[in-house]
Amino acid sequence: MPRHPKKPRRLIVDGRTYLWTLRHSHSVADSSRSCCETLTLYPQPVGTGGPLRIVFTQGPGRYVPGGAPLGSGDVGYVRGASLNLHEPGAVRALLDAASTRGWQPEGRRVVEIDGWSLLDAAAAARAAATGPAGPKE
């Protein structure tokens with residue numbers, strides 16, 4: 001039976017458990033429609049830390065498709081790095097990049113980070129982890 005797309009997924013990193021969700025949304029500004037992908041990680045157990053939101057908003061030179069021909073969850077630069085946010089390895093790479101930039105899972109408040117500031121580092125880490133033989137997940 002396939003996984004329900006809105007059910008949180010579990011990720012364990014260095015003995016700490018996170019639940020994560022991915023949501024696609026749209027906004028309308030100046031009569032143009034913009035897509036957005038929001039990856040949210042929730043430290044577990046509940047109450048041990050505030051959520052981390054990593055937000056990718058469509059813009060010049062960036063893509064955040066809502067489906068065909070590109071897959072759901074794909075984000076990237078038109079000429080550069082990209083990730084599929086449905087892949088646990090991509091989520092792990094973004095979490096590691098956010099931690100390197102100072103995010104602490106013990107914080108009590110929601111922290112929102114522009115995903116584009118993490119993309120290059122996360123994509124490079126993901127590429128190093130997958131290598132020519134494929135993902136090491």
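Under 13 Å from a point placed 7 Å out from the Cα of residue 48 along the Cα-to-Cβ direction: which residues of segment 81-116 have their backbone N that close? Residues passing the 13 Å test: 105-107. Simple spin-label estimate for residue 63 and residue 129 gives 2.3 nm between the two label positions (7 Å along the Cα-to-Cβ direction from each Cα). With a ≥ b ≥ c the root eigenvalues of the C-alpha gyration tensor of segment 32-126, is it rounded (a/c under 1.5), prolate (a/b larger than b/c) or oblate? Prolate, because a/c is 1.5 or more and a/b exceeds b/c.
Readers should treat all values here as calculations from the given coordinates under stated rules, not as data from a laboratory. Computed from a predicted model, the values in this text were never measured in an experiment. Reconstructed Cβ throughout: ideal geometry from the backbone, glycine too, with neighbour counts over all protein chains shown.
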